[in-house]
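The values are calculated or read from the model by the stated rules, or taken from the named source; none is laboratory data. Keep in mind that this is a model prediction, so the values were computed, not measured. All Cβ positions, glycine included, derive from the backbone under ideal geometry; neighbour counts span all protein chains shown.
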């Protein structure tokens, strides 16, 4: 218990020091210096506790939002992968954070190489109306990843969510989506199966309603 308290206090001191340092830098130094300091903090730890602390930084420093989003979209390992988790979490609280970047995120999906970067990016996109300008490309990517045996179930789950949303706009997608889910059901994880069956049920209700 004492060790746990000491660790928590040490983590608090570390982030408190970084907040003070970052406030000074943002007031006195160049954008490049700010970016490097943000990257250092992003890379200082990992895991959910660290993601939550990064969410606090995003929440308390709106003046750094553009720089943090630029780090995410730079597709630079490991910084992009680590900050996108915090951006994903905070954008639930403040959807406006990432609204202007949806088309760019959709366009970058093919070049994101890490599964965590793909997963969080798809999760972000799944919560917003799909921009018409990127609808076609996003549909193609999601179908490709859904059918691939090489992508993890979580990535495929968000692909199903996005494709379901797209099928509301483009009804002709419904049969193709249902066929793809049924094709993969016996090859995937229990989580995929549960999610896939829910989507199939929702697709059936859409067809019945019409």
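Looking only at segment 62-87, count how many residues are farther than 15 Å from residue 46 by Cα and assigned to a helix (DSSP H, G or I). Lay out the reasoning, then the answer.
Kept after step one, since they are farther than 15 Å from residue 46 by Cα, are these residues of segment 62-87: 62-76.
This time we only want the ones that are assigned to a helix (DSSP H, G or I), so: 62-73.
Selection size over segment 62-87: 12.
What do you reckon, is residue 147 surrounded by 18 or more Cβ atoms within 10 Å (Cβ to Cβ), touching a helix residue (DSSP H, G or I) at 6+ places or on another chain (Cβ under 9 Å) and at pLDDT 95 or above? Talk me through it step by step, then tell me what you get.
Working: surrounded by 18 or more Cβ atoms within 10 Å (Cβ to Cβ): no; touching a helix residue (DSSP H, G or I) at 6+ places or on another chain (Cβ under 9 Å): yes; at pLDDT 95 or above: yes.
Criteria not met by residue 147.
Residues checked against (1) without any contact (Cβ under 8 Å) to a residue 12 or more places away in the chain; (2) farther than 24 Å from residue 39 by Cβ; (3) assigned to a helix (DSSP H, G or I); (4) over 14 Å from the mean Cα position of the chain (by Cα):
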| residue | (1), (2), (3), (4) |
| --- | --- |
| 59 | no, no, yes, yes |
| 121 | no, no, yes, no |
| 125 | no, yes, yes, no |
| 146 | no, yes, yes, yes |
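Go through 167, 133, 140 for me and flag whichever is more than 17 Å from the chain's Cα centre (by Cα) and modelled with pLDDT under 95.
Numbers: 167 fails: modelled with pLDDT under 95; 140 fails: modelled with pLDDT under 95.
That would be 133, the only listed residue that is more than 17 Å from the chain's Cα centre (by Cα) and modelled with pLDDT under 95.
Given the criterion more than 20 Å from residue 161 (Cβ to Cβ) and in contact (Cβ under 8 Å) with a residue 40 or more places away in the chain, identify the matching residue among 66, 75.
Numbers: 66 fails: in contact (Cβ under 8 Å) with a residue 40 or more places away in the chain.
Just one listed residue meets the conditions, 75.
Just the residues that are closer than 14 Å to residue 168 by Cα and surrounded by fewer than 18 Cβ atoms within 10 Å (Cβ to Cβ), please, taken from segment 114-130. If you could, list the steps in order and put the result at the bottom.
As a first pass, look at segment 114-130 and keep what is closer than 14 Å to residue 168 by Cα: 126, 128-130.
Answer for segment 114-130, where residues must be closer than 14 Å to residue 168 by Cα and surrounded by fewer than 18 Cβ atoms within 10 Å (Cβ to Cβ): 128, 129.
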